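Everything on this sheet refers to the single structure shown next.
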Amino acid sequence: MTDNFDELTTWLNHINQQLSPQQKTRLNRQISTKMRTVWKRRIKAQKDPDGKRFTPRKRDQVGSISRGAMFQRLPKMLKTAYSSKRAEIGFAGRTAEVMAVHQYGKTIKPNPKSKPTRYPVRKTIGWSDDDKELIINEIREFLLNE
């Protein structure tokens, strides 16, 4: 699944010219709030935008998984920001740094005394086809109610 919205560009540009800044802000708020809810559910279900399960944690030396499910408190930390020109959904601060390691599968040193560790890719943020459909439906519903 690609993050390509080219097929919507013409349609969205036409709508963009017709809405006032207040309407754009309201629409961006509705879309970002709805998407945050969808992404929260997806993270709690331990799935990436394509619907695949996250790569499980490595087992410890005894053979049991060291902790419970990953990212259980993470949905509470998902933030939204919106204006008449943009809508953003993501993480902030230290949470954003930690999630970038998982999102892109980076190699880091968990603490200064440990050796570098490569983390598997676990996409928590991204667009699915269902997300695109949800955005189209939100825009359609907004326009019908205006």
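Could you calculate the contour length gain from D6 to D129, that is, 0.36 nm times the residue separation minus the distance between their Cα atoms, to one decimal place in nm? Walk me through the intermediate numbers first.
Values: separation 123, 0.36 × 123 = 44.28 nm, distance 1.35 nm.
Once the chain is fully extended between D6 and D129, it gains 42.9 nm.
If each of E146 and R29 carries a label point 7 Å out from its Cα toward its Cβ, how far apart are those two points in nm?
My value for the distance between the label points is 1.5 nm.
Could you give the angle, 0 to 90 degrees to the nearest 10, between helix 129-145's Cα long axis and the longest principal axis of the Cα atoms of the chain?
30
When the accessible area of the stretch 20-146 is split by element with a 1.4 Å probe, what percent falls to carbon and sulfur? If you can, show how the numbers build up before the last one.
On the way: 4240 of 8470 Å².
C and S atoms contribute 50 percent here.
Ranked highest first by the average count of other Cβ atoms within 10 Å around their residues, in what order do 23-36, 104-117 fall? The partial results should precede the final answer.
Numbers: 23-36: 17.4, 104-117: 9.6.
For the peptides 23-36, 104-117, the packing ranking is 23-36, 104-117.
Return one number: the angle in degrees, 0 to 90 and rounded to the nearest 10, between the long axis of the Cα atoms of helix 21-44 and the longest principal axis of the Cα atoms of the chain.
Helix 21-44 and the main axis of the chain meet at about 30 degrees.
Going down the table (K58/K85; K85/K123; K40/K109), which pairs top 32 Å between alpha carbons? The partial results should precede the final answer.
Details: K58/K85 42 Å; K85/K123 26 Å; K40/K109 28 Å.
Flagged as over cut-off: K58/K85.
Using the Cα centre of the chain as the reference point, and only Cβ charges (+1 on K/R, -1 on D/E), how large is the resulting charge dipole? Debye, rounded to the nearest 20.
On the way: 31 positive and 15 negative charges, 261 e Å.
Dipole magnitude for the chain comes out near 1260 debye.
Report, in deg cm²/dmol and to the nearest 500, the calculated mean residue ellipticity at 222 nm for the chain, where each DSSP H run with n ≥ 4 adds -39500 (n - 2.57) and the sum is divided by the residue count. Please report the intermediate quantities before stating the final value.
Working: 4 runs with 66 residues, N = 146.
It lands at -15000 deg cm²/dmol.
Compute the angle between helix 6-18 and the longest alpha-carbon principal axis of the chain, please, reported from 0 to 90 degrees and rounded to the nearest 10.
Here the helix axis deviates by roughly 50 degrees.
The values are calculated or read from the model by the stated rules, or taken from the named source; none is laboratory data. Note that the structure is a prediction, hence the values are computed from the model and not measured. Don't worry about glycine lacking a Cβ; one is built from the backbone with ideal geometry, like all the others, and counts go over all protein chains shown. Protein only, heavy atoms only, side chains kept; ligands, DNA and RNA dropped before computing areas. Shrake-Rupley method; radii C 1.70, N 1.55, O 1.52, S 1.80 Å.
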